[in-house]
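A short write-up of the structure that comes next.
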Amino acid sequence: MLTVVKNNFENLFHLFFPNPCLGCGKQLHKGEEVLCMGCESQLKITPFHQHHQNFVSEKFVGRAKIENATSMLLFAKEGMVQHLVHLLKYQNKKEIGIFLGKKYGKLLEQEQDYSTIDCIVPVPLHATKKIKRGYNQSELFANGLAETMHISVFADGLKRLNLGESQTRKKKFERWKNVEHDFDCLDESLLENKHILLVDDVLTTGATLDACCSVLNQIKNVKVSIATIAVVMK
């Protein structure tokens, strides 16, 4: 009897307070979170975290001093990943970042390359942009990772100094010049002697992550690994 009453209450609750899948818009069923099973099945997680040398890590060879690098998903135009990233960055769907972070964190904690991570540092937004948007999407992803990896997030580990221009339509060299001196660490003592997981949303040329690594690598006895929500395959 109690089960019937509970189910009826839940059905009535969802009638007035719908909980749609952020992928397709259909009503989520019990046990589903953020995405329905159908949409979640479209998220093909890459195997990069299982291989020390991979497509992502090769992007940084000869550029940034890193231990490991990985991306959770492949970014394709008009695909599910692009849709979710857009919702996360521009439509205030913060739960997407946390959801993906928790999911990926469960995988990373099982890998030897990421077993010595001490803390997570998200790529920062400039203060003006963060106030305008209301949050940092990379920090949300970091929070999800931290929850399942059982480590801390240093949200203020790096500071973005310049507001700069959008990187979206810039070519590779232009992206690098645009962020070359954009970041700083305000308190190096917090990160000394640590293996840091530097996280961002989408990896394209890697210019932003390069710039962050150049700052972090100047800190005493620091190791840096990288993880992003997605990577553009080109």
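The values are calculated or read from the model by the stated rules, or taken from the named source; none is laboratory data. Not measured: the values here are computed from a predicted model. Because the Cβ atoms are built from the backbone with ideal geometry, glycine has one as well, and the counts that use them run over all protein chains shown.
If you go through segment 18-74 and keep only what is part of a helix (DSSP H, G or I) and within 23 Å of Lys223 (Cβ to Cβ), you end up with Phe48, His49, Gln50, Phe55, Val56, Ser57, Glu58. Taken over segment 58-93, the criterion of being surrounded by fewer than 20 Cβ atoms within 10 Å (Cβ to Cβ) and among the hydroxyl-bearing types (Ser, Thr, Tyr) is satisfied by Tyr90 alone.
Summed over segment 184-199, residues that are within 24 Å of His86 (Cβ to Cβ) and surrounded by fewer than 22 Cβ atoms within 10 Å (Cβ to Cβ) total 0.
Cβ-Cβ distances below 7 Å connect the following pairs, each with a first residue in segment 85-103 that is assigned by TED's automatic domain parsing to the domain that holds Thr148, a second residue that is crowded, with 19+ Cβ neighbours inside 10 Å and among the charged types (D, E, K, R), and a separation of six or more residues or different chains: Val85/Asp201; Lys89/Asp201.
Might you let me know whether segment 133-141 holds any residue that is over 16 Å from the mean Cα position of the chain (by Cα), surrounded by fewer than 22 Cβ atoms within 10 Å (Cβ to Cβ) and basic (Lys, Arg)?
Keep residues of segment 133-141 that are over 16 Å from the mean Cα position of the chain (by Cα), which gives 133-134.
Add one more test, that the residue is surrounded by fewer than 22 Cβ atoms within 10 Å (Cβ to Cβ), and what stays is 133-134.
Remaining after also requiring basic (Lys, Arg): 133.
Yes: one or more hits.
Remark: Lys77 matches the filter, which requires a residue to be within 22 Å of Gly206 (Cα to Cα), of a type in the set (Lys, Arg) and outside any helix (DSSP H, G or I).
Residue-wise test of (1) more than 17 Å from Cys212 (Cα to Cα); (2) modelled with pLDDT of 95 or more; (3) touching a Gly at 6+ places or on another chain (Cβ under 9 Å); (4) assigned to a helix (DSSP H, G or I).
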position	(1), (2), (3), (4)
Leu84	yes, yes, yes, yes
Ile96	yes, yes, no, yes
Gln110	yes, yes, no, no
Asp113	yes, yes, no, yes
Val121	no, yes, yes, no
Leu145	yes, yes, yes, yes
Gly157	no, yes, no, no
Leu186	no, no, yes, no
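The single condition among (1) more than 15 Å from the chain's Cα centre (by Cα); (2) farther than 20 Å from Glu33 by Cα that Gln91 does not meet is (2). For segment 9-57, a residue qualifies if it is loosely packed, with under 14 Cβ neighbours inside 10 Å, at pLDDT below 95 and over 22 Å from Leu88 (Cα atoms), and the qualifying residues are Phe9, Glu10, Asn11, Leu12, Phe13, Leu15, Phe16, Lys30.
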